Amino acid sequence: MQNQRAKGIGAVLLIVALAALFITNQTLFVVQEVQQVIVLQFGEPIRTIQAPGLAVKLPFVQNVVSFEKRILSSNAPSQEYLTIEKSGLWLIMSPAGVL
């Protein structure tokens, strides 16, 4: 009787630990040094994060979109670079303005 009860408690603890790990994985995210991040809630920008480090969001309600913060250079002759849409390239200073 004791052995079955111990197995039941062990199974419950395992399920709780896995659920806590899953929620933690959905809550925490890392902003790299070369990134800037927008936190979206239901598709609307809530905040921008430009400092590197560990950050928090609401699980299942908020999601994260990241953008490059680096300036990418080229040794090609000086000329304007065009995208497929025939518009020039730019540096993203405020990631919220992109959305």
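The values are calculated or read from the model by the stated rules, or taken from the named source; none is laboratory data. Computed from a predicted model, the values in this text were never measured in an experiment. Note that each Cβ is placed from the backbone with ideal geometry, even for glycine, and that neighbours are counted across all protein chains shown.
Some observations on this one:
- Every condition in (1) part of a loop (DSSP other than H, G, I, E, B); (2) at pLDDT 90 or above holds for Arg70 except the one numbered (2).
- From the list Glu80, Glu85, the one residue that fits, being at pLDDT 60 or above, exposed (fewer than 10 other Cβ atoms within 10 Å of the Cβ) and over 24 Å from the mean Cα position of the chain (by Cα), is Glu85.
- Test set (1) surrounded by 10 or more Cβ atoms within 10 Å (Cβ to Cβ); (2) in contact with a strand residue (DSSP E or B) (Cβ under 7 Å, 6 or more places away or on another chain) - Gly53 fails condition number: (1)
- Any hit, the range 14-36, residues being in a strand (DSSP E or B) and of a type in the set (Val, Ile, Thr): yes
- Counted residues, the range 27-50 - those being of a type in the set (D, E, K, R) and in contact with a strand residue (DSSP E or B) (Cβ under 7 Å, 6 or more places away or on another chain): 1
- Tally, over the range 27-50, of residues that are of a type outside the set (Ser, Thr, Tyr) and surrounded by fewer than 15 Cβ atoms within 10 Å (Cβ to Cβ): 12
- Residue among Lys7, Lys57 that alone is of a type in the set (D, E, K, R), at negative phi and free of Cβ contacts under 8 Å to residues at least 12 places away in the same chain: Lys7
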